[in-house]
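This report refers to the structure that appears directly beneath it.
The values are calculated or read from the model by the stated rules, or taken from the named source; none is laboratory data. Every value quoted in this text rests on a predicted model; they were computed, and no experiment measured them. In this analysis, Cβ positions are derived from the backbone assuming ideal geometry, glycine residues included, and neighbour counts consider all displayed protein chains. Please note that ligands, DNA and RNA were not included when accessible areas were found on the heavy atoms of the full protein model with its side chains. Shrake-Rupley method; radii C 1.70, N 1.55, O 1.52, S 1.80 Å.
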Amino acid sequence: YAYDFVLSFVTMQEVTATSRHYVDRLFDPDPQNVLQGVIDMKNAVIGNNRQKANLIVLGAVPRLLYLLQQSSSSLELRTECAVVLGSLAMGTENNIKSLVDCHIIPALLQGLLCSDLIFIEACLRCLRTVFISPVTPVQLLYTDPTVIPHLMSLLSLSQHTQEYITQIFAHCCKTPEHQTVLFNHGAIQNIAPLLISPSYKVRMQALKCFSVLAYENAQVSMTLVNVLVDGEQLSQVFVRMMQRDKPIEMQLTAAKCLTYMCRAGAIRTDDNCIVLKTLPCLVRMCSKERLLEERVEGAETLAYLMEPDIELQRIASVTDHLVSMLADYFKYPSSVSAITDIKRLDHDLKHAHELRQAAFKLYASLGSNDEDIRKKITETENMMDRIVSGLSESSIKVRLAAVRCLHSLSRSVQQLRTSFHDHAVWKPLMKLLQNAPDEVLVMASSTLCNLLLEFSPSKEPILESGVIELLCSLTQSDSPALRVNGIWALMNMAFQADQKVKVEIVQALGTEQLFRLLSDPDTNVLMKTLGLLRNLLSTRPDMSSHGKQIMQAVTLILEGEHSIEVKEQTLCILANIADGNTAKELIMTNDDMLQKIKYYMGHSNVKLQLAATFCISNLIWNEEDGSQERQDKLREMGFVDILHKLTQASDPNLCDRAKKAMQQYLA
Amino acid sequence: MDSVELCGPAVPDFSTHPGLAAGVAVLQLAASRYLALSEQEKELNQRLRSLYPAVSDQETPLPRSWSPKDKFSYIGLSQNNLRVHYKGHGKTPKDAASVRATHSIPAACGVYYFEVKIISKGRDGYMGIGLSAQGVNMNRLPGWDKHSYGYHGDDGHSFCSSGTGQPYGPTFTTGDVIGCCVNLINNTCFYTKNGHSLGIAFTDLPPNLYPTVGLQTPGEVVDANFGQHPFVFDIEDYMREWRTKIQAQIDCFPIGEREGEWQAMIQKMVASYLVHHSYCATAEAFAKSTDQAVHEELASIKNRQKIQKLVLSGRMGEAIETTQQLYPSLLERNSDLLFMLKVRQFIEMVNGTDSEVRCLGGRSPKSQDSYPGSPRLFNSPVHKASNVITDHLCFPLFPGFDSNYCNGVSSSKGHTSAHSHKSCPPTIPSPEPGVLNGSRGQQTNVSAEVEMEVDHFSNGVSESSSNGFLNGSSTHGIDLEECDADMEVDSAQSKRQLCGGSQAAIERMIQFGRELQSMSEHLRRERGKNSANKKMLKDAFSLLAYSDPWNSPVGYQLDSIQREPVCSTLNSAILETHNLPKQPPLALAVGQAAQCLSLMARTGSGSCAFASVDDYLH
């Protein structure tokens, strides 16, 4: 070992010495020598990462950039400098960092203003290499607003400029803002003709550009459908690129473009190019023959494509045994690879998480609507076990995808009653809820809502596991989605629950929090809170403790600007209150409230009329203490007349309800 | 020529007979149906040809309909044997009934596909779609027995030679279109439903399966589409994938273990090819630059080149004379060859190109059909089974002649175009009589003699094509130093005349014909009957039976392209006397490859479908 060390030390020194020589020559007073020095340097660094690192350490970069920018330098020298810099960029990520730190990007962008094509190409090649590195901040492309239009204008120069520029765009378009900037500078018109370029690389990079431009962007997608390339619709160009003899990369990227255009609403989901071309192409990408990376991308894209469309889900579920094909995603690293090939094992391990999460995502999408598909999924070999173990995987991506899958399957009454209970999925789900990032929490709590539905056999054990505290804490979250799920789960839990559970909920949540939720800016939260209240007050509620506050809240909502649904829910709560013994007094003594009920009985919306009538009917119910006095008072207030009118209502429910209430007076 | 089409106008016109209007209408309807059928037939032929170009319909016909002979009695057929309906009791599985297609699926399809549309699911929809071997019991649904495979509509299960099915796909019913695809490369099968692939259903399929459907309850009706209509599923796309796969396999095939070995072999093959066809200047230059020895003296090559040029320019008399001079014993020993040359000479006399008649011609004896350039074909050792391979470059004025299987195009009528000198009508003798249609009967004889032509490596015949293999002098048409006669093309000549129009020449031709006749008789006395020789002579003499021989049914003989087989046979004979191979190794290799492919087709290796030799000869 010692010997080795000495040897490498010596080599290192030698390299440094020669590197020093190369850098020194950049400072030669004779421009001809400088040029020769740069050319020699170019030849020395090709494929030699250590040499590249040395030159950077020895300060070659600022000098090269200086020479490149100097207008006194010959064009040849400037070009060679750009070539060497491009070569340095091809090295490690550290090289790129150093180059970016030396402000290589503005220098090269400046170079693009030159009129010499060879020089421009050299600059672009280097810029391309720098920009496609993950360590380069993409924002640097957009800092100077003149850059993008200039790049667009360079697209017509040569196949090389086309290839490099489209590659830069494809890598640096990461946000909706980037999409908009590129779109506004004519990216579509400029890049579309490149899809039929004679150069495969240009075609491919142009295609990638469109996939990043169209992603979740309706404006771009809508424009794309109307673009003609050589007289042919763009979607047809993409369809041709998905032909099965085309390179897989091209098929996959074209399928992505069409998927994004479809999801953005630019192509109908029942269009042949989606149903007969894009979907089958993506299913093929999931097959065992494809590379692991392709399978991941294929599955994710397919999941995204069919997420909102049950028909696509149905077709995909019978295409090429997709459901069982996905089961294979869980078999990495395979036992064979572990024994035979370390490299392969490493590769498998790297992709195992990605594969699993992609499969979960696709299962989630497949099963989001159709009961038969959900059944097919849960019947796939070891499916529930895989979800259960996926819920506790170290990779957050896998956990999230697994819970998404579970959530999708939890929409099935059948599955909730059977496989969910058999596999005690609530246990890992509860564990997941203890400590997880928000996005996981949203999915997990949403799933929990379904598990807490009254017919779910998991409801009991979940209740016993002390879930109430957890849900109450969710209602205090900053995320509206989490607040909704928390209160929703509580609402489900309170539905036809024992008094004990109800008391527990009220105690855990606390009235203060309850009122905070009733004034929540999110309508969903408000609705579910009202729903919870309604469920809590459904069985003869004892209002002794919080009666006043609840009445206050109800008044507040009825007076506020709320939707019909919210007001209906509120009136239902009032009706429930009117059903309780002590609570009746709270309403009867509140003339203001009675006037409101009267108002809603005459409202134009039948639902509100019905709920208000229901409330009155509860108040005047005969068999209860003090019913006579209440009837008298309400008659004085003119309710009988209103009820009489309502018996003539066209809505049969309302009419029926009013008649029943009238009978209380007659009895 | 489509014989059915001819029947169309033959329907009598009754419209002049009053009172027969109804009858006319019926007849017209029948006629239009007949025409429609022929349209459908045409579409079917076209689709089958484009889907399965490697299949020889003569050797292994494709399924085109259900077989009225190969079905259970409970099956009824209608609509040209494409519609199947059930006509049994349908009470128990014992009442199941199947029908097979007329033919089994040829391996040379590579990928085979047919679709079945469910017209009605009948009472219970117990329908099975699949494949079965010859002889499998037809009183069953496909899939229940050995060598029988099916996908059933009622439960969506697949049945692989077993009474119990496996969950496979969705169920299918009225209105659905079910497709069945057999991959003869990996011997698997998958189904499609309404254009969507359902995934592999069967693996390890045996060869020679027939498309099969089975029905079991009353009212069940299904229609087959064997290519009569466009398919719902994009089978071409699937085939594209497999073509690419096979071609990638060929491209990646490991060659030559040691470095340079492969290259050296290729160079040797090219050099021997150049020498064979006497491209002496090119051969010399090539040998020099690739550092190879030429196994024949340059003088000898030049001699052969000289003879070949004479033959190809139609100057047969000189060619024979030169051959006799340079290779004194060759023609003496090979009297059949001499006879063949003389017959060709006779034809060239008729054509007015042979030197003997040209010097007799009153006016400037321009070549009637000049043939500048060098030999443009080589013979393959494969006689019967190989294809005629044409070089597109050689036929720049004949668009559309691009398929080996469109020999029908070159019916005798095609030769009317021979007026244009530069267009070489595609009268290529085919070694594959089976592919020919009847009208080309005469040509098949020639082909028996000339064997397969492969001229992809050939010289460009037309001036418009520049070819890397051209000899240095070829841009001038011919090496004027060696052949002193003028060879320029007289494209302005509008009307060709017998023997160039000279009376003396005609007399000479007639005299020569008599000599030929006596030579033939002499040969027969000495060597016994030779039907090929007899036919050759008869065909040649037939030219005189027409006032315009060029536009006659035997006019193809006058085409300059017919000189090629003669030239090639003579060249091979000369080479043999020098103990050099009759065939250049390159032609041998190409022939072997073609032969290998047809052998693969016969032994059931489907990959032959996507590995045409043509694809590699550019």
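Which residue pairs have Cβ atoms closer than 9 Å, lie 6 or more positions apart in sequence or on different chains, and pair a first residue in segment A:88-105 that is assigned by the TED database to the domain that holds A:L67 and on the phi < 0 side of the Ramachandran plot with a second residue that is surrounded by 14 or more Cβ atoms within 10 Å (Cβ to Cβ) and of a type in the set (F, W, Y)?
The qualifying pairs are A:I105/A:F131.
Can you name the condition, by its number, that B:P206 falls short on among (1) in contact with a Gly (Cβ under 8 Å, 6 or more places away or on another chain); (2) open to solvent by 20 Å² or more (accessible area, probe 1.4 Å); (3) away from chain A (no Cβ under 14 Å)?
(1)
May I ask you to verify whether A:T278 is within 14 Å of chain B (Cβ to nearest Cβ) and among the polar types (S, T, N, Q)?
Yes; evaluated as a whole, the condition is true for this residue.
For segment B:173-184, indicate whether the set of residues that are under 14 Å from B:Y113 (Cβ atoms), within 14 Å of chain A (Cβ to nearest Cβ) and surrounded by fewer than 20 Cβ atoms within 10 Å (Cβ to Cβ) is non-empty. Lay out the reasoning, then the answer.
Of segment B:173-184, the ones under 14 Å from B:Y113 (Cβ atoms) are B:177-184.
Filter once more, so that each one left must be within 14 Å of chain A (Cβ to nearest Cβ): B:177-179, B:181, B:183.
Going one step further and asking which of them are surrounded by fewer than 20 Cβ atoms within 10 Å (Cβ to Cβ), we end up with B:177.
Yes.
Given B:G135, B:G125, which one is without any contact (Cβ under 8 Å) to a residue 40 or more places away in the chain and among the small types (G, A, S)? Break it down into steps so the answer makes sense when it comes.
Numbers: B:G125 fails: without any contact (Cβ under 8 Å) to a residue 40 or more places away in the chain.
Every option except B:G135 fails the conditions.
For segment B:246-331, which fully contained helices (runs of 4 or more DSSP H) count at least 3 residues that are under 30 Å from B:V357 (Cα atoms) and in contact with a Pro (Cβ under 9 Å, 6 or more places away or on another chain)? Full working, then the answer.
Numbers: elements: B:261-276, B:280-290, B:298-312, B:316-326.
Of the helices (runs of 4 or more DSSP H) lying wholly inside segment B:246-331, those with at least 3 residues that are under 30 Å from B:V357 (Cα atoms) and in contact with a Pro (Cβ under 9 Å, 6 or more places away or on another chain) span B:298-312.
Can we say B:G528 is more than 28 Å from B:Y273 (Cβ to Cβ) and surrounded by fewer than 20 Cβ atoms within 10 Å (Cβ to Cβ)?
Numbers: more than 28 Å from B:Y273 (Cβ to Cβ): yes; surrounded by fewer than 20 Cβ atoms within 10 Å (Cβ to Cβ): yes.
Judged against the criteria, B:G528 is a match.
Against the conditions (1) assigned to a strand (DSSP E or B); (2) within 14 Å of chain A (Cβ to nearest Cβ); (3) under 30 Å from the mean Cα position of the chain (by Cα), where does B:G199 fall short? Just the number, please.
(3)
For segment B:116-135, which residues satisfy the criterion of being open to solvent by 10 Å² or more (accessible area, probe 1.4 Å), part of a strand (DSSP E or B) and under 24 Å from B:H103 (Cβ atoms)? Quick ask: steps written out before the conclusion?
The first filter runs over segment B:116-135 and keeps only residues open to solvent by 10 Å² or more (accessible area, probe 1.4 Å), leaving B:117, B:119-124, B:126, B:133-135.
Then keep just the ones that are part of a strand (DSSP E or B); that gives B:117, B:119-121, B:133.
Of everything in segment B:116-135, those that are open to solvent by 10 Å² or more (accessible area, probe 1.4 Å), part of a strand (DSSP E or B) and under 24 Å from B:H103 (Cβ atoms) turn out to be B:K117, B:I119, B:A133.
Is there a residue being at pLDDT 60 or above and hydroxyl-bearing (S, T, Y) anywhere in segment B:1-20?
Going through segment B:1-20, the residues at pLDDT 60 or above turn out to be none.
No, segment B:1-20 has no match at all.
Within segment B:153-172, track down each residue that is within 12 Å of chain A (Cβ to nearest Cβ) and outside any loop (DSSP other than H, G, I, E, B).
Initial filter on segment B:153-172 (within 12 Å of chain A (Cβ to nearest Cβ)): B:156, B:158, B:166-172.
Of everything in segment B:153-172, those that are within 12 Å of chain A (Cβ to nearest Cβ) and outside any loop (DSSP other than H, G, I, E, B) turn out to be B:S158, B:Q166, B:P167.
Taking only segment A:303-315 into account, find how many residues are in a helix (DSSP H, G or I), over 16 Å from B:G156 (Cα atoms) and either within 14 Å of chain B (Cβ to nearest Cβ) or open to solvent by 30 Å² or more (accessible area, probe 1.4 Å) (or both).
6
Let me spell it out: the conditions are (1) within 14 Å of chain A (Cβ to nearest Cβ); (2) surrounded by fewer than 18 Cβ atoms within 10 Å (Cβ to Cβ); (3) not charged (D, E, K, R), and B:V232 meets all of them except one. Which number is the exception?
For B:V232, the exception is condition (2).
Looking only at segment A:209-224, filter to residues that are open to solvent by 50 Å² or more (accessible area, probe 1.4 Å) and touching a Phe, Trp or Tyr at 6+ places or on another chain (Cβ under 9 Å); which one of those is nearest to A:V181 (Cα to Cα)?
Among residues in segment A:209-224 that are open to solvent by 50 Å² or more (accessible area, probe 1.4 Å) and touching a Phe, Trp or Tyr at 6+ places or on another chain (Cβ under 9 Å), the one nearest to A:V181 (Cα to Cα) is A:Q219.
Is it true that A:I274 is open to solvent by less than 30 Å² (accessible area, probe 1.4 Å), under 29 Å from A:V425 (Cα atoms) and in contact with a Leu (Cβ under 8 Å, 6 or more places away or on another chain)?
Taking the combined requirement at face value, the residue does not satisfy it.
Here's the yes/no breakdown for (1) modelled with pLDDT under 95; (2) surrounded by fewer than 16 Cβ atoms within 10 Å (Cβ to Cβ):
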residue: B:N194; (1), (2): no, no
residue: B:L198; (1), (2): no, no
residue: B:Y238; (1), (2): no, no
residue: B:P254; (1), (2): yes, yes
residue: B:E259; (1), (2): yes, yes
residue: B:Q267; (1), (2): yes, no
residue: B:T282; (1), (2): yes, no
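Residue pairs, Cβ under 8 Å, 6 or more apart or interchain, first in segment B:258-281 and on the phi > 0 side of the Ramachandran plot, second outside any helix (DSSP H, G or I). List them.
B:S278/B:S374; B:S278/B:P375
Quick one: would you say A:S197 is surrounded by fewer than 21 Cβ atoms within 10 Å (Cβ to Cβ), among the hydroxyl-bearing types (S, T, Y) and over 34 Å from the mean Cα position of the chain (by Cα)?
Working: surrounded by fewer than 21 Cβ atoms within 10 Å (Cβ to Cβ): yes; among the hydroxyl-bearing types (S, T, Y): yes; over 34 Å from the mean Cα position of the chain (by Cα): yes.
For A:S197, the condition - surrounded by fewer than 21 Cβ atoms within 10 Å (Cβ to Cβ), among the hydroxyl-bearing types (S, T, Y) and over 34 Å from the mean Cα position of the chain (by Cα) - is met.
Residues of segment A:238-271 being more than 14 Å from every other protein chain (Cβ to nearest Cβ), surrounded by 19 or more Cβ atoms within 10 Å (Cβ to Cβ) and free of Cβ contacts under 8 Å to residues at least 40 places away in the same chain, which ones?
A:F238, A:L258
Please determine whether any residue of segment B:250-270 is within 14 Å of chain A (Cβ to nearest Cβ) and under 30 Å from the mean Cα position of the chain (by Cα).
Initial filter on segment B:250-270 (within 14 Å of chain A (Cβ to nearest Cβ)): B:251.
Still in the running and under 30 Å from the mean Cα position of the chain (by Cα): B:251.
Yes, the conditions are met somewhere in segment B:250-270.
Only residues that are more than 14 Å from chain B (Cβ to nearest Cβ), part of a helix (DSSP H, G or I) and either on the phi > 0 side of the Ramachandran plot or not basic (K, R) (or both): list them for segment A:281-301, please. Spell out the reasoning first.
The first filter runs over segment A:281-301 and keeps only residues more than 14 Å from chain B (Cβ to nearest Cβ), leaving A:291-301.
This time we only want the ones that are part of a helix (DSSP H, G or I), so: A:292-301.
Those that are more than 14 Å from chain B (Cβ to nearest Cβ), part of a helix (DSSP H, G or I) and either on the phi > 0 side of the Ramachandran plot or not basic (K, R) (or both): A:L292, A:E293, A:E294, A:V296, A:E297, A:G298, A:A299, A:E300, A:T301.
Looking at A:L155, A:L108, which is the one that is of a type outside the set (D, E, K, R) and within 19 Å of A:L64 (Cβ to Cβ)?
Working: A:L155 fails: within 19 Å of A:L64 (Cβ to Cβ).
Answer to the check: A:L108.
When you scan segment A:448-457, do you find a residue that is over 25 Å from A:A611 (Cα atoms), among the aromatic types (F, W, Y) and in contact (Cβ under 8 Å) with a residue 40 or more places away in the chain, even just one?
Step one: filter segment A:448-457 for residues over 25 Å from A:A611 (Cα atoms), giving A:448-452, A:455-457.
Remaining after also requiring among the aromatic types (F, W, Y): A:455.
After this cut, where a residue has to be in contact (Cβ under 8 Å) with a residue 40 or more places away in the chain as well, the list is A:455.
Yes, segment A:448-457 contains at least one residue that is over 25 Å from A:A611 (Cα atoms), among the aromatic types (F, W, Y) and in contact (Cβ under 8 Å) with a residue 40 or more places away in the chain.
What are the residues in segment B:536-566 that are open to solvent by 50 Å² or more (accessible area, probe 1.4 Å) and in a helix (DSSP H, G or I), if any? Quick ask: steps written out before the conclusion?
At the first step, the residues of segment B:536-566 found to be open to solvent by 50 Å² or more (accessible area, probe 1.4 Å) are B:538, B:541, B:544-547, B:551, B:553.
Within segment B:536-566, B:K538, B:F541, B:L544, B:A545, B:N551 qualify.
Of the conditions (1) open to solvent by 60 Å² or more (accessible area, probe 1.4 Å); (2) within 14 Å of another protein chain (Cβ to nearest Cβ); (3) touching a Phe, Trp or Tyr at 6+ places or on another chain (Cβ under 7 Å), A:R404 clears all except one; give me its number.
(2)
Just a yes or no: is a residue in segment A:439-457 farther than 22 Å from A:V525 by Cβ and buried (at least 17 other Cβ atoms within 10 Å of the Cβ)?
Within segment A:439-457 (the criterion being farther than 22 Å from A:V525 by Cβ and buried (at least 17 other Cβ atoms within 10 Å of the Cβ)), the answer is yes, since at least one residue qualifies.
Hey, does segment B:45-66 have a residue that's open to solvent by less than 70 Å² (accessible area, probe 1.4 Å), within 28 Å of B:F190 (Cα to Cα), touching a strand residue (DSSP E or B) at 6+ places or on another chain (Cβ under 6 Å) and modelled with pLDDT of 85 or more?
Yes, segment B:45-66 contains a residue that is open to solvent by less than 70 Å² (accessible area, probe 1.4 Å), within 28 Å of B:F190 (Cα to Cα), touching a strand residue (DSSP E or B) at 6+ places or on another chain (Cβ under 6 Å) and modelled with pLDDT of 85 or more.
How do the pairs read when you match residues in segment B:53-66 that are part of a loop (DSSP other than H, G, I, E, B) with residues anywhere that are among the β-branched types (V, I, T) and modelled with pLDDT of 90 or more, using Cβ under 8 Å and keeping only pairs 6 or more apart or on different chains?
Filtered contacts from segment B:53-66: B:P61/B:T102; B:L62/B:V55; B:L62/B:I105; B:P63/B:T102; B:P63/B:I105; B:R64/B:T102; B:S65/B:T102.
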